[in-house]
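The values are calculated or read from the model by the stated rules, or taken from the named source; none is laboratory data. Computed from a prediction, not measured in an experiment: that's the story for all the values here. So basically every Cβ, Gly included, is an ideal-geometry build from the backbone, and we count neighbours across all protein chains shown. What goes into the accessible areas is simple: the full protein's heavy atoms, side chains included, and nothing from ligands, DNA or RNA. Shrake-Rupley method; radii C 1.70, N 1.55, O 1.52, S 1.80 Å.
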Amino acid sequence: MTDFSSTTGKPITCKAMVARAAKQPLTLEEIIVGPPKAGEVRVKVMANALCHTDVYTLDGSDPEGLFPCILGHEAGCVVESVGEGVESIAPGDHVVPCYTPQCCEASCIFCQSPKTNLCPKIRGTQGQGIMPDGTSRFTDKDGNPIYHFMGCSTMSEYTVLAEISCAKISKDMALNRACLFGCGVSTGLGAVWNTCKVEVNSSVAVFGLGAVGLAVVQGAKMAGASKIIVVDVNPKKFDAAIALGATDTVDPSKLDKPVQQYIAGTLTKWGVDYSFDCTGHTEVMRAALECSHRGWGTSCVIGVAASGHEISTRPFQLVTGRVWKGTAFGGFKSRSDVPNLVQKSLDGELPIDHFVTHEFDGVDKTNDAIEALHGGECLRAVVTY
């Protein structure tokens with residue numbers, strides 16, 4: 001176990017990739033990370049996986065995007081020190097930061113409800129890029145504050161998190177794989193298991209075969225779905241989907257009719273029991289709904305659309321029994337459920353290595369990881385610090 005006693009209670013100077021402005025490459029900088037305050041945890045980031053949400057914000061599409069900031073929200077970390085009052089986490093623990101916190105307080109109707117994972121305890125400040133006390137733990141070399149991102153900011157060698165955002169996991173899990181459970185993989189699995197509760201012998205359609213889409217395919221197969229249709233304009237992605245359980249592949253650019261009509265009419269008579277949008281494109285969200293089964297089809301929106309975009313369909317689609325719903329972090333309650341996902345992976349029940357297509361060493365290689373993600377053939381690029 002690493003000895004962090006020399007840094008406890010003191011500022012730490014470390015390297016970070018700072019997003020100074022939208023549509024600009026990240027800059028490698030030395031920053032100062034302050035010690036954790038009450039209810040906070042400072043962690044050493046060991047590995048960070050790139051997610052499209054990071055790129056979405058860097059591209060200027062995020063209405064809550066603030067600059068300068070430190071992006072990153074899929075990581076595996078070791079706790080360096082804890083602030084006053086922290087009891088669930090101790091130095092040396094391994095944690096996955098979770099952008100969806102879980103305060104577990106008896107007074108939190110969201111944490112106490114089995115219907116949702118959307119704990120609002122720190123939502124107000126998290127969306128403003130600051131810690132719960134209204135300040136930042138990051139400063140640059142000139143002493144200027146840097147915003148936090150999604151309550152995580154893991155494109156830094158050290159970061160500070162709220163205790164309620166830390167999922168404590170088994171130390172047996174490699175942190176360069178545990179990071180995958182911080183967002184995309186968990187989201188895809190949970191959309192199937194929690195949000196839609198896909199049953200044995202169900203039919204499923206998955207739009208978009210990035211990491212989230214493939215996690216949906218994997219989750220649907222594990223749930224016992226008998227027909228899994230995958231839809232993507234890049235047919236190079238089909239082999240990976242078939243390996244995970246896809247039964248039918250569709251490239252909508254090669255069709256002479258709307259893809260929803262092809263799925264609900266040609267591949268099936270009435271549509272699929274469950275459909276999932278993993279693209280963030282509102283026209284795809286509509287297609288996913290309209291290919292769901294007359295009378296009982298459910299369509300789940302997972303992808304995050306750019307600011308200002310709205311979804312639309314004819315009301316008759318809903319009148320005739322279809323349900324449109326969405327999911328955040330797959331409905332998983334972060335601190336309770338992420339440790340269980342990690343254990344399933346350790347037990348061999350939930351393989352995840354196939355999601356990692358690119359690996360880099362050093363926080364300074366983060367821009368290379370972003371380029372890989374832009375390349376179209378990357379599921380997850382993991383940067384080990």
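A simple charge model with +1 on the Cβ of Lys and Arg, -1 on the Cβ of Asp and Glu and nothing else charged puts the dipole of segment 98-204 at about 220 debye relative to its Cα centre. For the chain, the longest principal axis of the Cα atoms and the long axis of helix 334-346 meet at an angle of about 80 degrees. Expressed as a whole percent, the accessible area of segment 38-85 that falls on carbon and sulfur atoms is 53 (1.4 Å probe). Mind jotting down the distance between the C-alpha centroids of segment 112-174 and segment 38-110, whole Å? The distance from the Cα centre of segment 38-110 to that of segment 112-174 comes to 4 Å. Cα centroids of segment 312-385 and segment 183-242: 11 Å apart. For segment 137-294, a simple Cβ point-charge model (Lys and Arg +1, Asp and Glu -1, everything else neutral) yields a dipole of about 280 debye relative to the Cα centre.
Across segment 173-330, C-alpha contacts under 8 Å between residues 6 or more apart give a mean separation that, scaled by the residue count, equals a relative contact order of 23 percent. A quarter of the convex hull surface defined by the alpha-carbon atoms of segment 254-385 gives 11.5 nm² as the mean projection. The base-10 log of I(q)/I(0) for segment 22-94, evaluated at q = 0.12 Å⁻¹, reads -0.44 [Debye formula, identical scatterers on Cα atoms, solvent excluded]. For the chain, the dipole from Cβ point charges (+1 on Lys and Arg, -1 on Asp and Glu) about the Cα centre works out to 1060 debye, to the nearest 20. For segment 189-302, the Cα-based Rg and Dmax, in that order, read 12.1, 35 Å. Quick one: angle between helix 211-223 and the longest Cα principal axis of the chain, in degrees between 0 and 90, rounded to 10, please. It works out to around 60 degrees. When the Gaussian network model of the chain links Cα atoms closer than 10 Å, the mean-square fluctuations of Gly303, Gly143, Gly210 top out at Gly143.
In terms of Cα atoms, the Rg and Dmax of segment 98-251 work out to 19.0, 60 Å.
In the assembled protein chains, Trp270 presents an accessible area of approximately 130 Å² (probe radius 1.4 Å). When every Cα-Cα distance of segment 37-159 is counted in 5 angstrom steps from zero, the calculated P(r) takes the values 2, 11, 18, 22, 23, 15, 7, 1, 0, 0 percent.
Accessible-area rank, largest first, for Ile70, Ile122: Ile122, Ile70, with all protein chains present and a 1.4 angstrom probe. Rolling a 1.4 angstrom probe over the protein heavy atoms with all chains in place gives the chain an accessible area of 42 Å² per residue. Taken along its three principal axes, the alpha carbon spread of the chain comes to 66, 44, 38 Å, from the longest extent down to the shortest. Ranking Val301, Val217 by solvent-accessible area of protein heavy atoms (1.4 Å probe, all protein chains present), from largest to smallest, gives Val301, Val217. In segment 137-269, the portion of solvent-accessible area held by carbon and sulfur atoms comes to 50 percent [1.4 Å probe, whole percent, DNA, RNA and ligands not counted]. When the charge dipole of the chain is built from unit charges on Cβ atoms (+1 for Lys and Arg, -1 for Asp and Glu) and taken about the Cα centre, the candidate among Cys378, Thr27, Ser136 whose Cα reaches farthest toward its positive end is Cys378.
What the Cα convex hull of segment 1-61 gives, in volume per residue, is 128 Å³. Pairs of Cα atoms nearer than 8 Å and 6+ residues apart set the relative contact order; for segment 272-385 it is 18 percent. Along the axis of the charge dipole computed for segment 243-306 (Cβ charges of +1 for Lys and Arg, -1 for Asp and Glu, origin at the Cα centre), the listed residues Gly295, Gly245, Leu267 are led at the positive end by Gly295. Sorted largest first by accessible area at a 1.4 angstrom probe radius, with every protein chain in place, the residues Thr2, Thr282, Thr154 fall in the order Thr2, Thr282, Thr154.
Using Cα pairs under 8 angstrom and six or more residues apart, how large is the relative contact order of segment 117-195, in percent? About 18 percent, as a whole number. For the pair Thr139 and Trp296, the difference between a 0.36 nm per residue extended length and the Cα-Cα distance amounts to 51.3 nm.
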